[in-house]
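**Student:** Quick one: the structure is below, and I'll ask about it shortly.
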Amino acid sequence: MMGKKVRIAVGCAAMVVAGMMCTGMNAFAQAADATSGASEAENSEAWSIELTGARNDWFAASDYAAMKATGKDYTEKKVERKGEQLVYKGLALKAVLALVDDDAKKREFDATLWKKGYEVTLTAADGYSATFSTADISSDALILADTENGKPLDKPMVVGDAPKNLWVREIAAIATSLAPTKTASEASAFSLELDINGKKAAYTLAELEKDPAFIEAPGSFTTSAGTKYANRYGGVKLREVLSRYMDVSADDSITFIAMDGYEMTYPGSRILDEADGLWILAFRMDGDYLPKDPGFIRTVKVGPGTPDIDGHLSVKMVKRIVVKEKDFKDFKLTLTGKRTETIDRSTVQSCVSCHREEVNFERKGIAATYTGFPLYLALAYADDPSYAPHRQGTDILSYDKAAAKAGYKVEVIASDGFKVTLDSRDLDGNNDIILGMYKEGAGVGDDEFPLVLVWDKNATRLPADIKNAKKITSIGLKF
Amino acid sequence: MLILSILVSLPALNGSPILGALEVRLAGQALPIPPDSELRGLLYRLSIDDRTEQAISLAELIPPLADAWRVEAWQTGNGRTDSATKSVLWSAGDLAERLDRFWLIEKPGGTWGVVFDGKTLDGVGRIDVTGEHTEERPPEIWVSWEGVKELKKEIDRWSRLTGVKAKTVDVPDVRTKLLSVQRGGGRMPDLVMIQSDDLPALTAAATLQALDGMDSSSLVDKGRNAFNLKGRNWALPFYFDAQLVFYNPKLLSTPPAKNWDLARLEAESRRIVRTGRTPLAWNAYSAYWILPFALGFGKQAIEDADGMVRPDDMGTRSALAWLLRMRDEGLMAVLERDAMIGRFASGETAMILTGSYSIPEFERIGIPFGIAAYPTVPETGKPVAPFLDFKGLAITRSSRSPLTVRRLASYLTGPGVQQRFTSSVSKLPANHEAWELVRTTNAYFPQLERSYEIGVTVPATEAYSTYKNIMWKILRFVFAGSMTIDEALGEARRLIEANLKQ
């Protein structure tokens, strides 16, 4: 890097003397032909400054000399330091920033951008760094000085009509917030996909930000461990966006598919319930863009009263929204044992997303692929009096493995009263026996809805008396 | 330019001067400072010239300065501040960075003395400081881990005395949030608490500014090393925790001596197991708890000369063989944290290994316990070397208040805060002077001091992170008996090298 950097500088210096202006790689390309004995020149550079902005570059001693020779941006600052009057001479800092304040290799300083405001971080050789917003000080305030009271400085210093913390000796790097952030780079390539009753559309974040449905308002969610997070979110109103393609009704099902494959379905009634606020597709939080995780888009509810939702209802990393009208059927699954818990469709779907298992089931004329989650994980809701999934810190496992190994009966009960009784020892850690929610990629049919007990035909640990159960609505643990 | 004048009036009372109200003037204007009664309460113990004094630094009583180049202390007589009879002058360009070492000392009879740069003056009535404000916005500080309440109290104390309205935020996972905010282009805090193994990620993302220019000579070497990466200092060590043996005093025949060894530990364990209890338990699945034993059994260092962390050395083999034997003979149970703590609390297990961070928690819950530094391995004569887990104070690269938070960081790592904070949370200070001063106020000092002597810092390298993650999985196979020690360590080495090549 240094070799290229220096040869650019030497080339530029030579060409400026000849009345030619150059920067960056174009100069390097020309200088490479013009310069011989580069290694000798490389060692001659006294210093160089790393510049980061809309483009990145190095600014070396010879670049400085070349710009100084034009006399255009070389100026003087009289300041008081430690009770003494000092005179510094140097290049206007703005002339150096002009090299990186846009992505073109030109030297025009963008005064409008400076006034609008971006951050500049000045870093010294010893690591000291100070940051200012250009909107807070005049573009003429600071210089990159090479002399102090007429004596040359070994390395340039930033100094001028600005707070003393911005007077940085032995400057080693100048970075601006014009450099695209990692999030911004990733986000610029992101688009939200909609598939609404067969109609397809896509929006970039830039498009969503300009959308009339964009709002900013406070919202909050509470995790299952009880921690509440309240922030100001910016995003587009979900109902308003969907309404461009459909009439949202209470019976519709709106499925959010995340970048990592996680899925969650909202009933239309949830989106229509605007008593305490509006559901939005949020991509800003407290003024900043959300990073890829939990963004770029997440669902939250916002409103003047800072509505609070359960954390698991806020879908993170939303990539795609699929709507099929009027096929949403909610259900409840009740688990009893040392404690009782009733979970809804969204929670079961969340279990499937996080602990997804697919089995090839064959029995009595049925041969199908079912998707769901291992039955033994559901036992965690009722296997001890204190802990249930996501109700405590991650250091405590809600599933009581010791109890399962000790053995208790598990009754899987259908809505018509049909019951299958199993032993927890056969279920413990067994991923081949699942509560299935999907059959061949779609929701199970009415004859099986909402959940079925199925297993993989090649399961290695299968209880001898296991039976297929459909329409499961409750599970009882008998200790 | 500002001239700060600290005026200590000494009115005569029955012929004896008393410590009077302290007046601070800024550009001729008096600044509000605590009344005398409160100021006395702010003094703390300090060892100066082998004497223990009650003192406070000048930096704690004035706003943070960008520059200071002249300090003059004046003696006064009979309470008259306008008739100074003698003064001492300090003149240097770097005084702003060093006023945290300018001590105001309470002298007999309630008078003030000052000590700085080898010069002293007693009977001081006024101090003039010539300097310039930092002109920075109020800083935001992110704090975490144990003792947040106590730390906030210290920052509030500094804010109140210096007039800087610092905002302190409790952030459970500083590294993740810092990187997330930076990635999103959000507003960064100015000062953050980090731990040493945060450094690779934070320096790679250019999140922090190097603190090479800050004087850290009063801080302990192992702490400074913990935050040094590639030759640069990235944080000031603030405090540290050490791995310790926690024991139930009712279940041990005698408390472990300072220089106890594994033979004594084993003998005690054999006695305890006959009572039906489990003598020992800890999470031996973790490299964090295995490496200290490997070092005790002869591993030369955690990192080899080339920076790699290799698992298949003789020290690690011997350590694992010893641990397996202890487990197989029923003297030790391999338990993860919750189970280990639960059994220790119930009196079922006699000794566990955990960090000094457990001390306040056990005291609060009321679990009977004693602590001991790690024992020595008789075969090698080397101690099982506890990990020292340092927490430090780092400044973000994009800070708008870099000078203000440098002054704050100096205050927090100074002897006053270090004494108060670490004693209240049973940790050891990172400051040499405070180290000696807490010797009598921290009940666990001897064991913690011994742990520091024999301890090693957690490496802040990618190689260690990779080693730790792979060993976490491999050690389970060893304890499950599905791999021999040699097979497991050979496979671990292959995986570590493959991961680091990626």
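The values are calculated or read from the model by the stated rules, or taken from the named source; none is laboratory data. As the structure is a computational prediction, the values presented were derived from the model and not from experiment. Heads up, the Cβs are rebuilt from the backbone with ideal geometry, glycines too, and the neighbour counts pull from every protein chain shown.
**Student:** Please find, among A:136, A:154, A:140, the residue that is surrounded by fewer than 21 Cβ atoms within 10 Å (Cβ to Cβ), at pLDDT 95 or above and over 27 Å from the mean Cα position of the chain (by Cα).
**Tutor:** Answer to the selection: A:140.
**Student:** Here's something else I'd like to know. Here is a check on your reading of the model: is residue A:71 buried (at least 17 other Cβ atoms within 10 Å of the Cβ) and either within 30 Å of residue B:131 (Cβ to Cβ) or away from every other protein chain (no Cβ under 14 Å) (or both)?
**Tutor:** Taking the combined requirement at face value, the residue does not satisfy it.
**Student:** Follow-up. What's the number of the condition residue B:139 fails, among (1) at pLDDT below 95; (2) in contact with a helix residue (DSSP H, G or I) (Cβ under 6 Å, 6 or more places away or on another chain); (3) under 22 Å from residue B:407 (Cβ atoms)?
**Tutor:** (1)
**Student:** Right, another one. Quick check on my filter: what residues within region A:183-240 are buried (at least 17 other Cβ atoms within 10 Å of the Cβ), in contact with a Leu (Cβ under 6 Å, 6 or more places away or on another chain), away from chain B (no Cβ under 14 Å) and farther than 11 Å from residue A:282 by Cβ?
**Tutor:** Once the filter is applied, which keeps residues that are buried (at least 17 other Cβ atoms within 10 Å of the Cβ), in contact with a Leu (Cβ under 6 Å, 6 or more places away or on another chain), away from chain B (no Cβ under 14 Å) and farther than 11 Å from residue A:282 by Cβ, region A:183-240 yields only A:203.
**Student:** Counting just the residues of region B:404-447 that are more than 13 Å from the chain's Cα centre (by Cα), of a type in the set (Phe, Trp, Tyr) and in a helix (DSSP H, G or I), which one comes out farthest from residue B:136 (Cα to Cα)?
**Tutor:** B:445
**Student:** Going through B:333, B:305, B:257, B:301 one at a time, which residue ends up being in contact with a strand residue (DSSP E or B) (Cβ under 7 Å, 6 or more places away or on another chain) and outside any helix (DSSP H, G or I)?
**Tutor:** Being in contact with a strand residue (DSSP E or B) (Cβ under 7 Å, 6 or more places away or on another chain) and outside any helix (DSSP H, G or I) holds for just one of B:333, B:305, B:257, B:301, which is B:333.
Here's the yes/no breakdown for (1) touching a strand residue (DSSP E or B) at 6+ places or on another chain (Cβ under 8 Å); (2) over 27 Å from residue A:370 (Cβ atoms); (3) assigned to a helix (DSSP H, G or I); (4) touching a residue at least 60 places away in the same chain (Cβ under 8 Å):
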{"position": "A:275", "(1), (2), (3), (4)": "no, yes, no, no"}
{"position": "A:293", "(1), (2), (3), (4)": "no, yes, no, no"}
{"position": "A:301", "(1), (2), (3), (4)": "yes, yes, no, yes"}
{"position": "A:315", "(1), (2), (3), (4)": "yes, no, no, no"}
{"position": "A:338", "(1), (2), (3), (4)": "yes, yes, no, yes"}
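**Student:** I would also like to ask the following. Can you name the number of the only condition in (1) over 29 Å from the mean Cα position of the chain (by Cα); (2) within 15 Å of residue A:438 (Cβ to Cβ) that residue A:335 fails?
**Tutor:** The failed condition is (2).
**Student:** Need the failing condition index for residue B:463 against (1) buried (at least 20 other Cβ atoms within 10 Å of the Cβ); (2) modelled with pLDDT of 90 or more; (3) more than 16 Å from residue B:315 (Cβ to Cβ), just the number.
**Tutor:** Of (1) buried (at least 20 other Cβ atoms within 10 Å of the Cβ); (2) modelled with pLDDT of 90 or more; (3) more than 16 Å from residue B:315 (Cβ to Cβ), only one is false for residue B:463: (2).
**Student:** Filter region B:114-136 for residues that are crowded, with 17+ Cβ neighbours inside 10 Å and basic (Lys, Arg) and give the result.
**Tutor:** Residue satisfying the conditions is B:126 alone.
**Student:** List the number of the failed condition for residue A:145; all other conditions in (1) in a loop (DSSP other than H, G, I, E, B); (2) of a type in the set (A, V, I, L, M, F, W, C); (3) at pLDDT 90 or above hold.
**Tutor:** Unmet for residue A:145, out of (1) in a loop (DSSP other than H, G, I, E, B); (2) of a type in the set (A, V, I, L, M, F, W, C); (3) at pLDDT 90 or above: (1).
**Student:** Sticking with this structure for a sec: Are any of the residues in region B:200-222 more than 14 Å from every other protein chain (Cβ to nearest Cβ), more than 30 Å from residue B:95 (Cα to Cα) and in contact (Cβ under 8 Å) with a residue 60 or more places away in the chain?
**Tutor:** yes
**Student:** Against the condition surrounded by fewer than 21 Cβ atoms within 10 Å (Cβ to Cβ), more than 23 Å from residue A:68 (Cα to Cα) and either within 13 Å of chain B (Cβ to nearest Cβ) or not basic (Lys, Arg) (or both), how does residue A:129 come out, does it pass?
**Tutor:** No: the conditions fail for residue A:129.
**Student:** Just for helices (runs of 4 or more DSSP H) wholly inside region B:89-198: which have at least 2 residues that are among the hydrophobic types (A, V, I, L, M, F, W, C) and within 13 Å of another protein chain (Cβ to nearest Cβ)?
**Tutor:** B:95-98, B:174-183
**Student:** Hey, does region A:251-273 have a residue that's within 14 Å of chain B (Cβ to nearest Cβ), among the aromatic types (Phe, Trp, Tyr) and crowded, with 22+ Cβ neighbours inside 10 Å?
**Tutor:** no
**Student:** Limited to region B:400-426, what total is found for residues that are within 14 Å of another protein chain (Cβ to nearest Cβ), farther than 16 Å from residue B:157 by Cβ and of a type in the set (S, T, N, Q)?
**Tutor:** Final tally of qualifying residues: 1.
**Student:** Continuing with the same structure: Could you go through region A:191-209 and let me know if any residue there is among the hydrophobic types (A, V, I, L, M, F, W, C) and in a loop (DSSP other than H, G, I, E, B).
**Tutor:** The answer is no; no qualifying residue exists.
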